[in-house]
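Computed from the coordinates by the stated procedures, all read-outs in this text should not be read as laboratory data. What you are looking at is a predicted structure, and each value in this text was computed from that prediction instead of being measured. As a convention, Cβ positions derive from the backbone with ideal geometry for all residues, glycine included, and neighbour counts pool all protein chains shown.
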Amino acid sequence: MLIAEIREAVINGQAKVVATKVEQALNEGVPADRILHDALIDGMREVGELFEQGEFFVPEMLIAARAMKGALEILKPRLVAQGVEPLGRVAIGTVKGDLHDIGKSLVAMMLEGAGFEVMDLGVDVAPEKFVEALQNGAQIVAMSALLTTTMSNMKATIDAIAAAGLRDKALVMVGGAPVTQAYADQVGADGYAPDASAAVRKARELIAS
Ligand code: B12
């Protein structure tokens, strides 16, 4: 019952309701991983579907993602205590020269919501920062670009990863409004996704491969 209520509140982006009910569920002894999967992740999955169907737009997605993020902060210590392994570790950032952060942050939130550990490197991220993140344990590098003039820094970053001898170990995902599958293939990325929920599917696919 509480699980269904939390799920519904995530979809509706009611951050305070979500936080209160998550606390209540924990106090009643509902396991943290059940709250995570059945209420939060399933709620965000539905939000992603509503977005793909054109029922939800970016603001709704952001509000839901914020509600989920608040709940994750409450659950985090319990999940760590339960030893739930993250699905994988992703370092995400907007490439060098590019300050657009809304799409990147949305992808970061959705990945975190899906159970990935996310290192958000921010905007205007130099190739060597992505390399450093890989050296610090990231498995996936996810790059965002919104400008045709900064897209080329995706290739520069992939080259820097190769120069550091990490290309075999790193999974590289790219996205952003001007980026296409053809461009991803051209720069030698491992994956491309057109939106945040597809990005989650792609990240799952890459980790499983
Ligand atoms: C908001 C905005 C800004 C804001 C950014 C605020 C912020 N905090 O991010 C501000 C005002 C700062 C800005 C500045 C500029 N902007 Co601007 N901006 C936009 C605008 C209107 C919306 C971008 C946005 O947030 N979209 C919503 C998000 C949710 O969508 P998204 O980023 O595409 O992300 C989705 C997908 O692409 C995907 N995705 C994104 N990243 C990733 C990463 C991975 C790994 C994956 C898998 C998927 C993925 O998932 C996301 C969620 O579904 C766009 C127009 C547009 N239609 O894109 C112009 C636009 C991108 N900007 C543009 C320009 C020109 C500029 C400026 C150069 C303007 C200027 N003369 O100063 C500067 C550049 C500053 C810089 N160095 O970066 C042009 C780019 C043109 C081009 N072809 O290069 C655009 C297209 C506007 C236009 N039609 O001319 N901008």
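Here is how the numbers come out for the structure above:
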| read-out | value |
| --- | --- |
| Three-way shape label, the stretch 30-77, alpha-carbon gyration tensor, a/c 1.5 | oblate |
| Span from the the stretch 42-85 Cα centroid across to the the stretch 127-176 one, whole angstrom | 26 Å |
| Prolate/oblate/rounded call for the stretch 89-208, Cα gyration tensor, a/c under 1.5 rounded | rounded |
| Sites matching chymotrypsin sites (Phe, Trp or Tyr not before Pro) across the stretch 33-129 that sit in DSSP coil, with at most 15 neighbouring C-beta atoms within 10 Å | Phe57 |
| Counted charge near Asn27, where neighbours are those whose Cβ lies closer than 12 Å (Asp, Glu -1; Lys, Arg +1) | 0 |
| Cα gyration tensor category, rounded, prolate or oblate, for the stretch 1-104 with a/c compared to 1.5 | oblate |
| C-alpha long axis of helix 15-27 to longest principal axis of the chain, angle in ° | 60 degrees |
| Tilt relative to the chain, helix 42-52 - C-alpha long axis, 0 to 90 degrees, to 10 | 50 degrees |
| Reachable lysines, given that their alpha-carbon falls under 26 Å from the alpha-carbon of Lys96 and they are not under 8 places away in the same chain | Lys104, Lys129, Lys155, Lys169, Lys202 |
